[in-house]
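Peer 1: Please see the structure below; I have some questions.
Every read-out reported here was derived from the displayed coordinates using simple, explicitly stated rules and does not represent laboratory data. This is a predicted model, so every value here is computed, not measured. No Cβ is skipped: glycine too gets one built from the backbone with ideal geometry, and neighbour counts run over all protein chains shown.
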Amino acid sequence: MPNRGDKRRDRLALRASTAYFLNSVDLMARMVGGDILRGVIFTAIIDANTRHIRPSAVEGQAYSEAGDQVPDDIRRPISVHALALELDIPYETTRRHVNALITEGYCQRAETGVVVPAEVIAREPMTMALRRNFENLRRLVGDLREGGVEFAQ
């Protein structure tokens, strides 16, 4: 049975992670015209393109430093159908937002889906948003530590 401290940490973690999520989505939505759902879809495409990369997974390169860019040739496209299923959003809604992202130059079609190219991530507004989101992440970790959540080394 969880003790009172565990419940308090769980509530803190829920509040802190919710704030992190909302701030992150807001940042990405602002990057793609202010539409929150489009921001979520854009973020999910970026995640799908690079989620296979783990520390030392790609020829010793983790692409974990602030200035590191994942090369386009190792980004993995995601199909609109797979994206819709992942996000539990209707296919037609997902397709409409993906098409808008392509038209606006945020994504490109690939043979097996869509990708957000490295040059899009390298644009100044995006790099500023990513820096702000990194600070958002630091806040999340700080809030969790302050609340007694311990992290493994």
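Peer 1: If each of Arg76 and Ile102 carries a label point 7 Å out from its Cα toward its Cβ, how far apart are those two points in nm?
Peer 2: 2.1 nm
Peer 1: Give the label of the value calculated from the structure for Rg/Rh (Cα atoms, Kirkwood Rh), choosing from (1) 1.09; (2) 1.04; (3) 1.02.
Peer 2: (3)
Peer 1: Starting from the Cα-Cα distance between His52 and Val25, subtract it from 0.36 nm times their residue separation and give me the gain in nm to one decimal.
Peer 2: 7.6 nm
Peer 1: I'd like to compare 11-18, 40-47, 144-151: which one has the highest average count of other Cβ atoms within 10 Å, and what's the full order after that?
Peer 2: Ranked from most to least packed, the peptides come out as 40-47, 11-18, 144-151.
Peer 1: Only four residue types carry charge here, +1 at the Cβ of Lys and Arg and -1 at the Cβ of Asp and Glu. Report the dipole size of the stretch 21-146 about the Cα centre in Debye, rounded to the nearest 20.
Peer 2: Values: 15 positive and 18 negative charges, 32 e Å.
In total the dipole reaches around 160 debye.
Peer 1: Can you give me the Cα centroid spacing of the stretch 98-153 and the stretch 6-20 in angstrom?
Peer 2: Taking the Cα centre of each part, the stretch 98-153 and the stretch 6-20 sit 22 Å apart.
Peer 1: While we're looking at this one, here's another question. May I ask you to order 122-134, 95-107 by the average number of other C-beta atoms within 10 Å around their residues, highest value first?
Peer 2: Most protected by this proxy first, the peptides run 95-107, 122-134.
Peer 1: With charges only on Cβ, +1 for K and R and -1 for D and E, what is the dipole size of the stretch 106-153 about its Cα centre, in debye, rounded to 20?
Peer 2: So the magnitude is around 120 debye.
Peer 1: Please compute the contact order of the chain in relative form: average sequence separation of alpha-carbon pairs under 8 Å and at least six residues apart, divided by the residue count, as a percent.
Peer 2: 27 percent
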